[in-house]
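Enquirer: Got a structure here, written out as structure tokens. Questions coming.
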Amino acid sequence: MECLNCGAPVLENGHCSRCGMNYKLLAKAYNTSNHYYNLGLDRASVRDLTGAIDALNLALKYNKQNINARNLLGLIYYEMGETVLGLTQWVISSNYLPGEGNRAVRYIKEVQADSDKLEEANQLAKQFNQALMHARQGTKDLAFIQLKRILANYPHFVKGYLLLALLYLDNGNHDKAKKALKRVLRIDKNNTLAVRYLAEMGVTPREIIDIKERSRRIDVDSAYTDEDQYKSELETFVQKGLDDIDNPDLSVGSYQEINHNRFNLVYVSVGLILGVLTFWLLVLPTKLNLVNKEKRNQQLAYSEEISEKNVTISDLENQVSGLEKQLAEKKAQEEAAKQDTKDSKEAFSVICDHIPNTAYDALVAEAAKAITAHEYAKAIDLCNVALQIQEGADAYYNLGKAYLGNHNEEKAKTAFLNIKDNYPESSHMEEISGYLEE
Amino acid sequence: MINFDEEVRKFKPCLEVSQAEDAIYENDVKDITDVLEEMLLQLNQREK
């Protein structure tokens, strides 16, 4: 046999050859340690964590190297929100039995892998210590605030619930204390402190068992608040019925300050509606009347202007028609005058054609006399008059001679050329051709 | 009746991470083996 303590061979007298330990005694101690470990395991499996801690501590007193007992103890502390205490047990365990075969090594790795979690655990410890300090110093309000904050973030923290329950008890708020203790009993079924507090509050053992039973429905992973107390539909219904029996319509309602802020929106809405109505009924009609009156005046002004314009237009139209009439009359007169002129010209030509023209001959003879008398200007006028009456070679001949006498050779030449072109067989041709040649 | 001050005094502060090392070294729980070792040591000293 080998010594359970050092591994050396055991002598026949039952003592270790090296350390001198009594084998039977050690075996008995180790066996007892395992027994308490089993007890602790059983208690932990039914969430009797306080009982499990007691059993496991005993197991470690018989054998401090009971790895399973130490690991389980660490786990229970961890479950109750005391992470550092749990880590401590696992570190000691891993020190006794290093290597992957020890679960504590895995637990430590998992916790260390999440640095935030470790930091959170540290913060939790610090905050709880602060709350405890506040409670001890009498600043209970601060302790309340701190604990509520802690429990909202760490709903498994048994110590926190117990301190909160104690504060509520001191405060006389038994309902809230009971609620916090229910949570404790949900996590740690036989927490002795919680049971003692409940007993001190006057809760009978029977009721405590009921509370334990009902606490099973609490979701311990949910954040703790003072209000979230679970009640089944039936419980709520029965509770309401009991409350109604206790207070049968005698209550007149509790005094409550009216929260005016809630009605602000209503006030604003009513104000807006009244404003719109006032505008609609009082201001709008006056404005409309003013606008209509102005519109009517404008219409009248425009009508007057239009009528004036119409009068002007009709006057102008009359004028135009009068002028058109006058124009027509004038045209008619012109036509008549033209017709008269035409008739006169026709009559004159008829006269010229049919009546023997003695005036031409007389005028030509007078012109010849004037040339002879060297009165060339007179001769030119006479010839022109004669040519107006009738064109003829004699008139042109005398006219040319008169221009020559008057030293106007250009015009004289023109007169002679007329004879040459129009009267080539004239008796004056011989005389003027010599001149034209010159 | 619960005495608040007395009860509060029973609450122990939580261990912080910085205190973990000290806690590990101070965790010197004696088990049966330690007790037996001490007894043997004392016996041996007496015999001497």
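The values are calculated or read from the model by the stated rules, or taken from the named source; none is laboratory data. All values derive from a computational prediction rather than experimental measurement. Please note: Cβ atoms are built from the backbone with ideal geometry, for glycine as well, and neighbour counts cover all protein chains shown.
Enquirer: Of A:A125, A:A131, A:A135, A:A143, which residue is in the same structural domain as A:L181 (by TED's automatic domain parsing) and touching a His at 6+ places or on another chain (Cβ under 6 Å)?
Expert: A:A143
Enquirer: On to the next question. Quick one: how many residues across segment A:181-217 are free of Cβ contacts under 8 Å to residues at least 24 places away in the same chain and either in a helix (DSSP H, G or I) or basic (K, R) (or both)?
Expert: 12
Enquirer: So, one more: Report whether or not A:L87 is within 14 Å of chain B (Cβ to nearest Cβ), over 30 Å from A:A152 (Cβ atoms) and at pLDDT below 95.
Expert: no
Enquirer: Next up: If you take the residues in segment A:150-182 that are within 17 Å of A:M80 (Cα to Cα) and of a type in the set (D, E, K, R), which one is modelled with the lowest pLDDT?
Expert: Within segment A:150-182, the match that is modelled with the lowest pLDDT is A:K182.
Enquirer: Out of A:G81, A:G86, I need the residue that is touching a residue at least 60 places away in the same chain (Cβ under 8 Å) and either crowded, with 20+ Cβ neighbours inside 10 Å or over 20 Å from A:L193 (Cα atoms) (or both). Which one?
Expert: A:G81
Enquirer: Kindly indicate which of A:N34, A:N57 is surrounded by fewer than 23 Cβ atoms within 10 Å (Cβ to Cβ), of a type outside the set (D, E, K, R) and either in a loop (DSSP other than H, G, I, E, B) or facing chain B (nearest Cβ under 9 Å) (or both).
Expert: Matching residue, one of A:N34, A:N57: A:N57.
Enquirer: When you scan segment B:1-46, how many residues do you find that are at the interface with chain A (Cβ under 8 Å from one of its Cβ atoms), more than 16 Å from the chain's Cα centre (by Cα) and part of a loop (DSSP other than H, G, I, E, B)?
Expert: Of the residues in segment B:1-46, 6 are at the interface with chain A (Cβ under 8 Å from one of its Cβ atoms), more than 16 Å from the chain's Cα centre (by Cα) and part of a loop (DSSP other than H, G, I, E, B).
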